[in-house]
Amino acid sequence: MTSEPTDPTGSTHPAEPGTAPDAPAVPSTPSPVLSLEDVSWSVGGAVIVDHVTMDVREGEFVALIGPNGAGKTSLFNLVSGLTKPTGGTIRLSGTDITRHAPHRRARLGMGRTFQTSSVFADLTVGANVGLAVQARDGGSHRFWRRAAPEGGPETRDVLDLVRLSHRVEAPAGELSHGDKRKLELALLLARGPRLILLDEPMAGVSAGEVGELTAVIRDVHREGGRSVLMVEHHMEVLLDMADRLAVLHHGALLAHTDPDSAMSDPRVQAAYLGDAA
C-alpha cells in the first residue's frame, strides 16, 4: 500500500492546484506602552539627554543603566513630566504626552517612585494604600483622617502582592527602609498603572532586604502584565530581571537590547565598565 503524499506542514491532504502551502505564523511584537522619539534636553547649551529613541513594550521589563552622570535620572524626569524636553516626542500607549504635566500622565496609566521614600509616616500601612485607592476613584487627600487603618479588600490585595499584609495596621513611620519601598510600590499599584517607573528602588535598602524587594518587584511586573522601566545600580538585580537594557553614556543611547548582547557590546564595556577600570 502506498501512502498519500504529504505537504510541508505534515498534512496528508495535497494542496489545491495553483495554491501555495500556508506560511508559518510570524510571532507579533508587543506594541510599545512607552516610546521616545529623538528626545533631547539641553540646559544653557549643555546637552544632558542627546536624541534618545527607545521604547518599552507591553509587559516588558527594561532597565536603564549607565555610569554616574550618564543622564539616567534626567531621562526619567523627562518621561514622568517633571522636565519638558527641548526636542523630540514622548508617547504613552500611542498618545503624545510630551507636554503633559505629571498628573495627566498618571491618569493615562504612568506611575513613578523616587530615590527617596515618600509615605504618610503617621498613618497606618493600610490607610496609606486606602488613600491611594480613594484618590484614584476621585476622592481627596484632605479627608485622610477618615481612612480606615486596615483599608478595604482592594487594599489588602495590593498589600498581599508586595508582602506587607502582615503590617497593615502598623504606622508607616515604623517600617524599615525596605518595607517603605514596598509600601511605595503598593501606593502605585493602587492607582492601576500600566507603566511603572522605578528610580533606584534599592537605594538605602540594607543588604538583607535587597533579595525580598527584588522578588516583590518581579511579582509586581508579572502580575497583570505591567511594564516596568527601572534605574538601579545593583547590576546583579537588573541582569536577572530585565528583558532589555537601555545603556546611556553622556546622555546618548549606546545600546537597547537584551542583557547578554548589551553587556558584550564593546561600546558598553568601554563606557560603562571601562570608566571604573
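The values are calculated or read from the model by the stated rules, or taken from the named source; none is laboratory data. Because the structure is predicted, anything quoted here is derived from the model rather than measured. Quick reminder, even Gly has a Cβ in these numbers, built from the backbone with ideal geometry, and neighbours come from all protein chains shown. Accessible surface areas use protein heavy atoms only, side chains included; no ligands, DNA or RNA. Shrake-Rupley method; radii C 1.70, N 1.55, O 1.52, S 1.80 Å.
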Is it the case that some residue within region 26-37 is small (G, A, S), closer than 22 Å to L197 by Cβ, at pLDDT 95 or above and surrounded by fewer than 17 Cβ atoms within 10 Å (Cβ to Cβ)?
-> no
With the first residue restricted to region 206-231 and required to be under 15 Å from L188 (Cβ atoms), and the second required to be among the basic types (K, R) and not in a helix (DSSP H, G or I), Cβ contacts under 6 Å at 6 or more apart or on different chains are V216/R163
The strands (runs of 3 or more DSSP E) lying wholly within region 32-138 that contain at least 1 residues that are charged (D, E, K, R) and closer than 30 Å to L164 by Cα are 46-57, 110-113
Given D179, D160, which one is in contact with a helix residue (DSSP H, G or I) (Cβ under 7 Å, 6 or more places away or on another chain) and either at pLDDT 90 or above or under 29 Å from V56 (Cβ atoms) (or both)?
-> D179
Near pairs, Cβ below 8 angstrom, 6+ apart or cross-chain, from region 103-127 (closer than 15 Å to A172 by Cα and open to solvent by 90 Å² or more (accessible area, probe 1.4 Å)) to any residue that is modelled with pLDDT under 90 and not small (G, A, S) | F120/L131; F120/W144
Top-ranked residue in region 62-73 [being open to solvent by less than 30 Å² (accessible area, probe 1.4 Å) and not charged (D, E, K, R); ranked as nearest to V33 (Cα to Cα)] = V62
All conditions in (1) touching a strand residue (DSSP E or B) at 6+ places or on another chain (Cβ under 7 Å); (2) open to solvent by less than 50 Å² (accessible area, probe 1.4 Å); (3) closer than 24 Å to A70 by Cα are true of L188 except (3)
Might you let me know whether region 210-223 holds any residue that is modelled with pLDDT under 90 and assigned to a helix (DSSP H, G or I)?
-> yes
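Residue-by-condition table, conditions (1) open to solvent by less than 20 Å² (accessible area, probe 1.4 Å); (2) in contact with a Pro (Cβ under 9 Å, 6 or more places away or on another chain):
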position: E169; (1), (2): no, yes
position: G173; (1), (2): no, no
position: E200; (1), (2): no, no
position: G204; (1), (2): no, no
position: L238; (1), (2): yes, yes
position: T257; (1), (2): no, no
Which of (1) in contact with a helix residue (DSSP H, G or I) (Cβ under 9 Å, 6 or more places away or on another chain); (2) modelled with pLDDT of 90 or more; (3) within 30 Å of M54 (Cα to Cα); (4) surrounded by fewer than 19 Cβ atoms within 10 Å (Cβ to Cβ) is the odd one out, the single condition I90 does not satisfy?
-> (4)
From the list L159, L183, which one is of a type outside the set (D, E) and either within 17 Å of the chain's Cα centre (by Cα) or assigned to a strand (DSSP E or B) (or both)?
-> L183
Picking from R244, R267, R194, the residue that is modelled with pLDDT of 90 or more and under 28 Å from H103 (Cβ atoms) would be R194
